[in-house]
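Student: Okay, here's the structure, questions in a sec.
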Amino acid sequence: MSENGEDREAPGFGLYIHWPFCRAKCPYCDFNSHVRDAIEQRRWRTALLAELAHYAEETAGRRLTSIFFGGGTPSLMDPETVAALIEAANGHWAAAPDLEVTLEANPTSSEAEKFAAFAAAGVNRLSIGVQALDDTALAFLGRRHSAAEALAAVALARQAVARVSFDLIYARPDQDAAAWAAELDRALAEAPDHISLYQLTIEENTPFHAARRRGELRELPADAAATLFSETRQRLTDAGLAAYEVSNHARPGAACRHNLVYWRYLDYLGIGPGAHGRITAKGQKVATRQHRAPEAWLDLVERRGHGTRQAEPLDAAARLQEMVMMGLRLTAGIARTDIRRELGAEPEALLPATRLTALQDAGYLLVDEDGMRASEAGLLRLNALLSYLLA
Ligand SMILES: C[S@@+](CC[C@H](N)C(=O)[O-])C[C@H]1O[C@@H](n2cnc3c(N)ncnc32)[C@H](O)[C@@H]1O
Ligand code: SF4
């Protein structure tokens, strides 16, 4: 085991289930999430179970290590639907004894009331979208809960399941280092063992994007955001929750095993509208993508049993690109054993020697007998590092 509970020997196999609905659309969010007046929960349950059964046939015999209900807002699902999917998954595959089952939840009181029912359904980890611990910031982010309500939801989550994480968004316009440090300290006072800290990104086709174009929203300058990033990492390390990925911090043993499956480029199934998957069968890794629009997906599943939009075999070059892009996000980087497993060669044989050397000389990349990883300075400019290395 590595210090974050990551077992390098056991190849994980994860299941992602996408719930594409939210009560309201937040102005910064470009996830595949939609607001609908009414949702036919039974119809959705039947369709998700059908798509699960379809893909289970292609992956029979695997050992399931994690399930992740993401969204959208999966805490709006009926607990019966969550229970039925977990039960079906346990029937399709042999589950690891420590199967991790995460559900993303919004911290409104009506959803928090359902946490115990989700736990009874088999959820053992809740990831809560707290987003900010400051009511003015929550209003700016278009959230429909106060900081107090969010913390009450975190407390209820703790009573319901053993593992609780929460998300905060920082590097908000005009946020200064002192205010963020105070907010982080409030978050750490909750004694979380996992916390995801995302820098605000202005995504295209969102109300925030339009507001920026109109000059009504000014992003934090890049150098100020970089300072916040470094200070955040230091503060969290001092508190015992070192970063194990660019935006994710955990106490030893508390890393999210499901997300590690993505970052380590292991196999996962993705079901539900817009979900992505990576499945290796007959020695070939295939990238799957489901239809994104909820109604189109539902219609397809009802007609033919699955809503697959694309299933594309990935050649070695594509797998190398994906593996490096995902793996260098991890503090531990990419293990040689993982590169060999996926691509049958050492990184030096796969990546351009001049670029590897240049990045190491600049202090952005470390390559040793264990594998390769980005340095602290490299993580600060990870996108540029990746573009250069994979050009
Ligand atoms: C699928 S969403 C969250 C689940 C849940 N619906 C919620 O909002 O609480 C996952 C996380 O991504 C983060 N996120 C979404 N859009 C973001 C953006 N534009 N910038 C930074 N973080 C973002 C938020 O912290 C959010 O909790
Ligand atoms: S942040 Fe969460 S609640 Fe808001 S629109 Fe995105 S998925 Fe929905």
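Student: Name the single residue that is farthest from A137 (Cα to Cα) among those in segment 163-217 being within 11 Å of ligand 1 (Cβ to nearest atom) and among the acidic types (D, E).
Tutor: Looking at the filtered set, the residue picked out is E204.
Student: Being open to solvent by 40 Å² or more (accessible area, probe 1.4 Å) and on the phi > 0 side of the Ramachandran plot is the filter here; which residues of segment 50-107 pass it?
Tutor: If the condition is that a residue be open to solvent by 40 Å² or more (accessible area, probe 1.4 Å) and on the phi > 0 side of the Ramachandran plot, then G61 is the only one that fits.
Student: Out of the residues in segment 26-66 that are free of Cβ contacts under 8 Å to residues at least 40 places away in the same chain and part of a loop (DSSP other than H, G, I, E, B), which is farthest from ligand 2 (Cβ to nearest atom)?
Tutor: Of everything passing the filter in segment 26-66, G61 is farthest from ligand 2 (Cβ to nearest atom).
Student: What number goes with the only condition from (1) in a helix (DSSP H, G or I); (2) away from ligand 2 (no atom under 14 Å from the Cβ); (3) closer than 23 Å to V101 by Cβ; (4) open to solvent by less than 10 Å² (accessible area, probe 1.4 Å) that E183 does not pass?
Tutor: Status for E183: all satisfied but (3).
Student: I'd like the full set of residues that are within 9 Å of ligand 1 (Cβ to nearest atom) and under 14 Å from the mean Cα position of the chain (by Cα), limited to segment 75-109.
Tutor: E104, A105
Student: Filter segment 353-391 down to the residues that are touching a Leu at 6+ places or on another chain (Cβ under 9 Å), assigned to a strand (DSSP E or B) and open to solvent by less than 30 Å² (accessible area, probe 1.4 Å), then identify the one that is farthest from R264 (Cα to Cα).
Tutor: L365
Student: Collect the residues in segment 194-245 that are among the hydroxyl-bearing types (S, T, Y) and part of a loop (DSSP other than H, G, I, E, B), keeping them in residue-number order.
Tutor: T201, T206
Student: Another question, then. Filter segment 119-144 down to residues that are farther than 24 Å from D176 by Cβ and within 16 Å of ligand 2 (Cβ to nearest atom) and give me whichever is most open to solvent (accessible area, probe 1.4 Å).
Tutor: Per the stated criteria, the residue is R144.
Student: Before we move on, is A287 over 27 Å from L382 (Cα atoms) and either assigned to a helix (DSSP H, G or I) or open to solvent by 10 Å² or more (accessible area, probe 1.4 Å) (or both)?
Tutor: Spelling it out, it is not the case that A287 is over 27 Å from L382 (Cα atoms) and either assigned to a helix (DSSP H, G or I) or open to solvent by 10 Å² or more (accessible area, probe 1.4 Å) (or both).
The values are calculated or read from the model by the stated rules, or taken from the named source; none is laboratory data. Computed from a prediction, not measured in an experiment: that's the story for all the values here. In this analysis, Cβ positions are derived from the backbone assuming ideal geometry, glycine residues included, and neighbour counts consider all displayed protein chains. Protein only, heavy atoms only, side chains kept; ligands, DNA and RNA dropped before computing areas. Shrake-Rupley method; radii C 1.70, N 1.55, O 1.52, S 1.80 Å.
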